[in-house]
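One structure is given below, encoded as structure tokens.
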Amino acid sequence: MSDLTTLLAHSGDGQAEKINRTYASVPEVLPVYMSSVFAFDDAQSVEDIYTGAEEGYVYSRIRHPNNDAAARVLADIDGAEAGAVFSSGMAAIVTSIISVVGAGDHIVSSPVLYGGVRTYLEKELKRFGVDVTFTDFSDVSNIEKAITPRTKLVYTESVSNPLIAVPDLAAAADIAHRHNALFFVDNTFAPVVAKPISYGADVVLYSATKYLGGHSDLVAGAAVGRADLINEISHQLIIYGSLLGAAESWLLARSLRTLELRVVKQSQNALRMAEFLEKHPAVKKVYYPGLESSSSHSTAERLFRKGIYGGMLSAEVKGGKEATAVIDSLGKGFIKYVPSLAGTSTSVSYPVQTSHRSYSREELDKEGISDGLLRFSAGIEDADDIIAQLDAALRNIS
Ligand SMILES: *Cc1c(COP(=O)(O)O)cnc(C)c1O
């Protein structure tokens with residue numbers, strides 16, 4: 001090739017795979033495939049991929065090696081048949097819901113939901129002729145009462161925010177299936193800890209931004225479950241164009257290697273924190289399913305992996321100024337105010353100022369979310385170090 005630009009356009013291009021096939025070794029981990037499209041030597045190869053006669057990739061909005069790798073690990077975590085990986089938790093959730101409902105259909109949902117999902121169910125779906133009934137899932141007989149012949153989907157989170165309540169997912173799945181409805185569970189707060197597929201969930205949804213990513217450096221989402229449903233969901237994912245890109249899929253797959261180690265340690269730390277806070281005179285009430293005092297304890301004992309209850313807990317201190325004083329005091333140490341969760345560092349969040357700031361006083365009272373409620377996300381630090389920081393911050397208000 002005589003022209004430099006022509007040479008630059010083709011030198012080394014697309015050769016990585018051919019090199020891998022001729023060398024005696026391959027990369028120990030899947031490299032990042034930063035390629036929006038795949039090249040073919042002939043027309044038959046394209047045909048073979050479209051018909052399924054050959055494995056391969058065509059275009060990265062549709063399927064991509066790094067995205068596939070992350071989806072495989074995610075499905076394995078939950079013992080699911082298949083998985084799909086999205087550009088955010090919201091994308092995973094709304095794409096999965098819209099895949100199974102249409103005009104005239106009805107959804108029964110817990111009202112205690114991530115804000116964006118609540119808005120989607122309450123406002124957005126209405127524009128498409130889908131009705132939603134919200135009912136309290138702490139008593140599963142409410143689900144049965146809310147179901148109509150039009151009900152296609154029963155929807156809940158496995159662990160509620162910020163009161164860390166655990167609905168009886170097995171009973172909810174049973175009710176949904178008896179009425180020919182699907183059961184979807186947002187398990188963002190409890191991967192490893194809860195296995196919704198084993199209780200009968202058809203699809204399990206995640207904001208992978210939280211525990212699955214686990215290092216506060218990634219926005220992503222996932223859906224895992226029955227192969228036929230994931231197939232339909234993947235079809236919608238392609239239409240809406242929300243496949244997670246190469247670099248972030250790679251980062252997610254890497255983070256998943258340590259998921260169990262992180263979640264077990266975070267759960268152990270959360271239990272220590274909950275036990276310490278429950279005994280503290282400045283704390284009115286602690287919400288953590290690992291505590292015997294929790295109204296979710298027996299459900300968690302039955303559903304969760306033995307001995308772990310997740311890394312999320314909440315504690316009610318005196319309200320208003322005292323609560324913000326605790327936050328400010330914690331901020332002088334390593335427990336920062338982080339309006340998200342599930343990183344490797346222990347963090348605190350203040351629901352009335354962040355996740356629930358649009359709620360009226362009346363709605364907050366109804367949900368039991370007070371001005372003194374602090375939500376903690378346990379990190380992977382040494383438990384004694386975390387307790388020392390909590391102790392120092394609470395000393396200021398007791
Ligand atoms: C964060 C979160 C979401 C939304 O996920 P994004 O990754 O922010 O889009 C959904 N559900 C729960 C329970 C969450 O915590």
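The values are calculated or read from the model by the stated rules, or taken from the named source; none is laboratory data. Note that the structure is predicted; figures quoted are calculated from it, not measured. Because the Cβ atoms are built from the backbone with ideal geometry, glycine has one as well, and the counts that use them run over all protein chains shown. Calculation scope for accessible area: heavy atoms of the full protein, side chains included, ligands and nucleic acids excluded. Shrake-Rupley method; radii C 1.70, N 1.55, O 1.52, S 1.80 Å.
A few points about this structure:
- Residue-averaged [θ]222 nm for the chain, counting only DSSP H segments that reach four residues, each worth -39500 (n - 2.57): -11500 deg cm²/dmol
- DSSP bridge pairs, the chain: antiparallel proportion in percent, nearest 5: 55
- Cα-centre dipole for the chain with unit charges at Cβ (Lys and Arg positive, Asp and Glu negative), debye to 20: 1060
- Note on the chain: GNM, Cα springs under 10 Å; of Thr119, Thr22, Thr346, the largest mean-square fluctuation is that of Thr22.
- Restricting the calculation to Cα atoms, every distinct pair contributes to the Kirkwood radius of the chain, found to be 22.7 Å.
- In the chain, excluding the sites themselves, the longest stretch lacking any of the trypsin sites (Lys or Arg not before Pro) that are in a DSSP loop with at most 12 other Cβ atoms within 10 Å is 1-256.
- Tensor-based shape of the stretch 220-260 (alpha-carbon gyration tensor, a/c under 1.5 rounded, otherwise prolate or oblate): oblate
- Cut-off 12 Å between beta-carbons: net charge of the residues surrounding Asp174, Lys and Arg +1, Asp and Glu -1: -1
- q = 0.09, 0.19 Å⁻¹, the stretch 44-256: log10 I(q)/I(0) [Debye, one scatterer per Cα]: -0.34, -1.38
- Compactness of the stretch 1-112 as Cα Rg over 2.2 N^0.38 Å, two decimals: 1.50
- Heavy-atom accessible area per residue - the stretch 1-122, 1.4 Å, Å²: 57
- Accessible surface of the stretch 44-256 [probe 1.4 Å, protein heavy atoms]: carbon and sulfur percent: 52
- Per residue accessible area in Å² of the stretch 259-395, where ligands, DNA and RNA are left out and the probe is 1.4 Å: 46
- Dipole in debye (nearest 20) - the stretch 98-230, about Cα centre, beta carbon charges: Lys, Arg +1; Asp, Glu -1: 220
- Computed over the stretch 259-395, the quotient of the alpha carbon radius of gyration and 2.2 N^0.38 Å is 1.00.
- Secondary structure note: in the stretch 44-256, about 40% of the DSSP beta bridges are antiparallel.
- With the charge dipole of the chain set up from +1 on Lys and Arg Cβ and -1 on Asp and Glu Cβ about the Cα centre, the Cα lying farthest toward the positive end among the listed residues Ile230, His106, Leu291 is that of Leu291.
- Summed side-chain charge close to Ser349 - residues other than Ser349 whose Cβ falls under 15 Å, Lys, Arg +1, Asp, Glu -1: +1
- Summing charges over neighbours of Met273, with a neighbour being any other residue whose Cβ is under 13 Å away from its Cβ, gives -3 when K and R count +1 and D and E count -1.
- Overall, the stretch 183-323 carries a charge dipole of about 480 debye about its Cα centre when +1 sits on the Cβ of Lys and Arg and -1 on the Cβ of Asp and Glu, all other atoms neutral.
- Unit charges at the beta carbon, dipole of the chain: most positive-side option, Pro196, Gln389, Val132: Gln389
- Dipole of the chain [Lys/Arg +1, Asp/Glu -1 at C-beta], most positive-end residue of Leu313, Ser242, Ile77: Leu313
- Solvent-accessible area assigned to carbon and sulfur over the stretch 310-398 amounts to 48 percent, based on a 1.4 Å probe.
- In this structure, the pairs whose alpha-carbon distance is over 22 Å, taken from Lys318/Lys366; Lys126/Lys152; Lys195/Lys285, are Lys195/Lys285.
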